[in-house]
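The values are calculated or read from the model by the stated rules, or taken from the named source; none is laboratory data. Keep in mind that this is a model prediction, so the values were computed, not measured. Don't worry about glycine lacking a Cβ; one is built from the backbone with ideal geometry, like all the others, and counts go over all protein chains shown. Only protein heavy atoms, including side chains, enter the accessible area calculation; ligands, DNA and RNA are left aside. Shrake-Rupley method; radii C 1.70, N 1.55, O 1.52, S 1.80 Å.
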Amino acid sequence: MTDPHARALSLAEQGYAAGDQTGWLDRFYAEAGDDPARIPWARDEPNENLVPWLDARAAHSGRALVVGCGLGVDAEELARRGWDVTAFDVAPSAVAWARRRHPDSAVTYVAANLLDPPAEWLGAWDLVVDIYTVQVLRDTPRATALATLPALVAPGGTLLVIARGRDADEDEGDLPWPLTKAELDAVALPQERFEDYVDGEGRRRFRVEWRRP
Ligand SMILES: C[S@@+](CC[C@H](N)C(=O)[O-])C[C@H]1O[C@@H](n2cnc3c(N)ncnc32)[C@H](O)[C@@H]1O
């Protein structure tokens, strides 16, 4: 088997060179043929950076939107805790796989693009969760994603972004391309909390929470 990270990087670089940063993802999931070992970010358990954040939260009700949901494990966790969850991914093959993986799911899985979301999603969600999606985008698509995320949040709602972090003068590396604090500080909502830490995988993470008044 080709190294999954090397394959993802190769497709991402081809897409970037062709001016399409998202099209490669559908091909990547489809090529995996339902084998999660071929998806570097696939997990059986909910994200270790999400679970403590959810544990610390008193209320779990309302409409939640999971951005770039991949195979759906975090969306399922939110639904299990009581949220009414819609989860979307730009890759239709990921969405179909998530549905197959969770046949009795209460989650509504949808193929959609964060860069051009359905109009009715704007201002509609009590909780918007993005785990590791913005970090696969660069340049203008990244800026568009960071402008769109706050626009999805309803009055009184929360936006949570969990991402790889780096200092501004640090090398970007390759896929995923970590975010800087400045990029996240520019998100157009009042920021409630910015956490910068090394997680159990030994990776520097930013976990950032905003709330729309
Ligand atoms: C690194 S994966 C993380 C997947 C999942 N959040 C997780 O933690 O397992 C990034 C995901 O974002 C999706 N994605 C990338 N750009 C997107 C966009 N513009 N709109 C929606 N999903 C996108 C990809 O298809 C992929 O499933």
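Tabulated results
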item	result
Gyration tensor verdict on segment 1-157 (Cα atoms; rounded if a/c is under 1.5, prolate if a/b is larger than b/c, oblate otherwise)	oblate
Computed lengthening from Arg138 to Ala168, 0.36 nm per intervening residue step minus Cα-Cα distance	9.4 nm
Accessible surface of the chain [probe 1.4 Å, protein heavy atoms]: carbon and sulfur percent	49 percent
Within the chain, percent of DSSP bridges classed antiparallel, to nearest 5	40 percent
Span from the segment 64-78 Cα centroid across to the segment 141-213 one, whole angstrom	17 Å
Under 13 Å, Cβ to Cβ, from Leu11 - net charge with Lys/Arg +1 and Asp/Glu -1	-3
Segment 39-94 shape via C-alpha gyration tensor axes, a/c threshold 1.5	oblate
Separation in nanometres of the label points that stand 7 Å from Cα toward Cβ, at Ala96 and Arg203	2.7 nm
Cα-based shape type of segment 75-137, given that a ≥ b ≥ c are square roots of the gyration tensor eigenvalues and the cut on a/c is 1.5	oblate
Charge dipole (debye, nearest 20) of the chain; +1 at Cβ of Lys and Arg, -1 at Cβ of Asp and Glu	460 debye
Gyration tensor over alpha-carbon atoms, segment 96-213, equivalent ellipsoid semi-axes in Å	24, 19, 15
Mean accessible surface per residue for the chain, computed with a 1.4 Å probe while every protein chain stays in place, in Å²	45 Å²
Listed residue (Ala98, Leu137, Gly165) projecting farthest to the positive dipole end of the chain, Cβ model	Ala98
